[in-house]
Every structure is written in structure tokens, then in C-alpha cells.
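The values are calculated or read from the model by the stated rules, or taken from the named source; none is laboratory data. For clarity, every value in this text was computed on a predicted model and none was experimentally measured. Ideal geometry is used to build each Cβ from the backbone, glycine not excepted, and the neighbour counts take in all protein chains shown. These accessible areas exclude ligands, DNA and RNA; they are computed on the full protein's heavy atoms, side chains included. Shrake-Rupley method; radii C 1.70, N 1.55, O 1.52, S 1.80 Å.
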Amino acid sequence: MDKIEGKPFGQPANDIEKQWLLDRLKTLSVREAYQLAAMMLTTGRLREVSGKEGDELLLAVLKLDRKETAESINRLLSLSDYEVLCPAGSYEQLGKYYLRYEAELPEAAIPYADLEQIGFRYEEQHPGVFIGDCFVVLPSRAPKQIYDGTNLDKVWEMDWSLRLRLATPAVPKGVWLCLPDHAATEADGRLGEIALALRELKAASIQECDLLEVRCSIPGLSILPDDYEDLEDLIRDGNDLGFLLEEQGQGMPDFMERFTAALEYEGCHRLKEALDIAENLNCYDLMQADGIELYGKEELTKLGVFQDSTLQDCIDAAGFGEALLEQRGYRLNAAETTYIRRNDREFQHLRTQPKQGWDMTMK
């Protein structure tokens, strides 16, 4: 959708907010639908737009005022704070869930346990609500105010990497699942994103599903039909990207800025190449654009310029710094915030093969 109420998308910030809200609500995964239902039950928020589709959803979002829209964005950004336990749609099921997955008692002990009482006690310790056959644990703190009304273009959603819309003959319109799926890495049988989606699709495995649509949280990355012949491979890479985003390069300072700058530097638009770049961020040198004048002054100092009274205040330090960086192989990114170059560390290709053009920048 390029326009809202006849106004070009991208003009007033209010339109951008509503477009973001529309896109997010239309791509809620099965798990996020449970989280949203729990949020509405306990806070009353987002009732105006929940459950609507198509034109009804558009009209409901357009009726929100600026404050309601900004609040709704922050609420949706906090959905991951709601933990979904499934199957756990009653106190007895909740007690069994606790014994099986958290207390890790042997299966043989379950018939001898007072499951309902255990479920009651679990709810006392972890307040939540029953939604269908799930129990949603409520967050222990108020949602973070990530969006302040002005920074939507700088809001990075670290809690997801890919959104996949999958369909089956039983559900031809499909449902969304959101990666990474932490349960996919566990061997204990918990129902995570994939399992919840498969249950909704009435499918036993991913192989029974057709991929209808893919969304990626990293701008510029796209998935083409020919990129993945096997849906499980796409899910595996989506999980890997999701874990990388969560771990922030194992605590690397300025990880997202470094990662996105490297993607732009390499002209990368494919997921596998992006994963290789994420694993090789030590192969890139960065310089903040707002430090260019200081950099220029430091380099001029090394040359003894400031010891020569004739040259005092006669050289543009910022301009000199910029020219020096370009001479040393740095490029300024499109946002004009960061200079980046490839250093001489060896780039490890774990998922892709070097290709023409790639080698020219990675040498």
C-alpha cells in the first residue's frame, strides 16, 4: 500500500506510524496472536484493531489518534515479553506442562502428581491468563518505550528475523510464523512458533506446507523463490539470523550499525550472504562520520601542521579527514553516518562461494 487517506506514504510521520502498525498486525504469527489476546485481556489495549482484516483493519487503524498509534506500536514491540506455554489450557494441563518441561520430572511421575494444585501454584508464582489451550505468562514489568514518537526509522526489532506465511490445502489463506523459533532447537517437544503454526495449518510437518510470502526484519534483504528449494533450509537460516540478532554478535559493540553498513558496502540482498557477512564483521573497519573532524585533526597533528604558525586555522580538518579516509579505502554509507572499508583479515565463506565482484571487495 503506497498511500493512506490519499497522502503519499512516507510524508507525515503519522502516516508512517499507521503503515507500520498495519503491516505488523497483518503479519502476526500464531504465537503472537495468543500474546496479543493476553495483552488485550489484561490491559484493554489494541482492542480497537484486533481481529479485523482488510478494509476493516485499515479503517480501525486510521481512526487511532497520534498517542494511540504510538502506544500501539510500543505494545506490539513488547509482545515477546509474553511467554506462551502450550498445551496448557487448564490448571491440570499447566501442572503437567510444568512437570514435563520445567521441573523435568520423569514421565512416570506425572500420574501420581496433583496436577491441578501444581497448576494453581504455578499461576501464583507466574501470573498469566488462559487463552484457548495455552497459558500466557504476563510480563513482570511495564513495556519498554522503544518508540518515542520520532525514531521509528531507527527502531530495530531484534526479536525476529523472518516472517513466513505458510499454507496447506486445509488452510489455503495460510498463517504466519515468526523466526527464530527457540523451541526448534530443543528436543523436549515444547510447542514453539513452528509447532503452533503447523497445528493451525493441520499439518504434521513443514514438508506439507507451501510458502506464500516472506518478510525480513533487515531492510534490503529479500528471499526469492529460487533461493531455497527446501523450506527447512530457509527456516534454518532464518533461525540462525534470529539468534545472531538476539546475541548482537556475541556482544559486539555497535553490532547492528556494523552489520547494516557491511551489507550496504557489499551490495548484499541475499540471506545466505548476509549470514556470512554477520559471521565476518571483524573483516570491516568502521569510522563514525561525526568524528571525521577529530580524525582529520589527529592526522594533521601527526604531520606537525599545528606546530607551524603559518598553517594555523588554514586547513579544513574535516575535509582533509574525509579525503584521507577515501584514499585509505573507506566508503560513506547512504545514511552518511558511517565510513566503512574491508581490512586484510581473511573472510570465511561458510554458506556461500566467493563470486565475481565479491572478490574485488574482499581481498
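Can you find a residue in the stretch 261-275 that is under 24 Å from Asp344 (Cβ atoms), modelled with pLDDT of 95 or more and touching a Cys at 6+ places or on another chain (Cβ under 6 Å)? Taking every residue of the stretch 261-275 in turn, at least one turns out to be under 24 Å from Asp344 (Cβ atoms), modelled with pLDDT of 95 or more and touching a Cys at 6+ places or on another chain (Cβ under 6 Å). Criterion applied to Glu299, Glu293, Glu257 was being under 18 Å from the mean Cα position of the chain (by Cα) and either modelled with pLDDT under 95 or in a helix (DSSP H, G or I) (or both), and the one residue passing it is Glu257. Remark: pairs (first residue in the stretch 185-205, closer than 14 Å to Pro169 by Cβ and open to solvent by 50 Å² or more (accessible area, probe 1.4 Å); second residue among the small types (Gly, Ala, Ser) and at pLDDT 90 or above; Cβ separation under 8 Å; 6+ apart in sequence or on different chains) = Lys202/Ala170. Among the residues making up the stretch 27-61, those that are surrounded by fewer than 14 Cβ atoms within 10 Å (Cβ to Cβ), charged (D, E, K, R) and within 25 Å of Leu201 (Cα to Cα) are Glu53, Asp55, Glu56.
Among the residues of the stretch 74-87, are any touching a residue at least 24 places away in the same chain (Cβ under 8 Å), farther than 27 Å from Leu162 by Cβ and in contact with a strand residue (DSSP E or B) (Cβ under 8 Å, 6 or more places away or on another chain)? Looking through the stretch 74-87, none of the residues is touching a residue at least 24 places away in the same chain (Cβ under 8 Å), farther than 27 Å from Leu162 by Cβ and in contact with a strand residue (DSSP E or B) (Cβ under 8 Å, 6 or more places away or on another chain). Being in a helix (DSSP H, G or I) and without any contact (Cβ under 8 Å) to a residue 24 or more places away in the chain is a description that applies to Arg236. Being among the hydrophobic types (A, V, I, L, M, F, W, C) and either open to solvent by 70 Å² or more (accessible area, probe 1.4 Å) or without any contact (Cβ under 8 Å) to a residue 60 or more places away in the chain (or both) is the filter here, so list the residues in the stretch 272-301 that pass it. Answer for the stretch 272-301, where residues must be among the hydrophobic types (A, V, I, L, M, F, W, C) and either open to solvent by 70 Å² or more (accessible area, probe 1.4 Å) or without any contact (Cβ under 8 Å) to a residue 60 or more places away in the chain (or both): Ala274, Ile277, Ala278, Leu281, Leu286, Met287, Ala289, Ile292, Leu294, Leu300.
For every residue, the table says whether it meets (1) of a type outside the set (Ser, Thr, Tyr); (2) over 24 Å from Glu213 (Cα atoms); (3) without any contact (Cβ under 8 Å) to a residue 24 or more places away in the chain.
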| position | (1), (2), (3) |
| --- | --- |
| Val129 | yes, yes, no |
| Ser140 | no, yes, yes |
| Tyr147 | no, yes, no |
| Ser161 | no, no, no |
| Leu164 | yes, no, no |
| Ala167 | yes, no, no |
| Ala170 | yes, no, no |
| Lys173 | yes, no, yes |
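Restricting attention to the stretch 95-108, the residues that are outside any helix (DSSP H, G or I) and open to solvent by 80 Å² or more (accessible area, probe 1.4 Å) total 2.
When Leu64 is tested against (1) farther than 23 Å from Ile131 by Cβ; (2) open to solvent by 20 Å² or more (accessible area, probe 1.4 Å), only condition (2) is not met.
Residue by residue, here is whether (1) in a strand (DSSP E or B); (2) in contact with a Ser or Thr (Cβ under 6 Å, 6 or more places away or on another chain); (3) modelled with pLDDT of 95 or more; (4) surrounded by fewer than 20 Cβ atoms within 10 Å (Cβ to Cβ) holds:
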residue	(1), (2), (3), (4)
Ile110	no, no, no, yes
Glu123	no, no, yes, yes
Phe130	yes, no, yes, yes
Val136	yes, no, yes, no
Arg141	no, no, no, yes
Ile146	no, no, no, yes
Thr150	no, no, no, yes
Ala167	yes, no, yes, yes
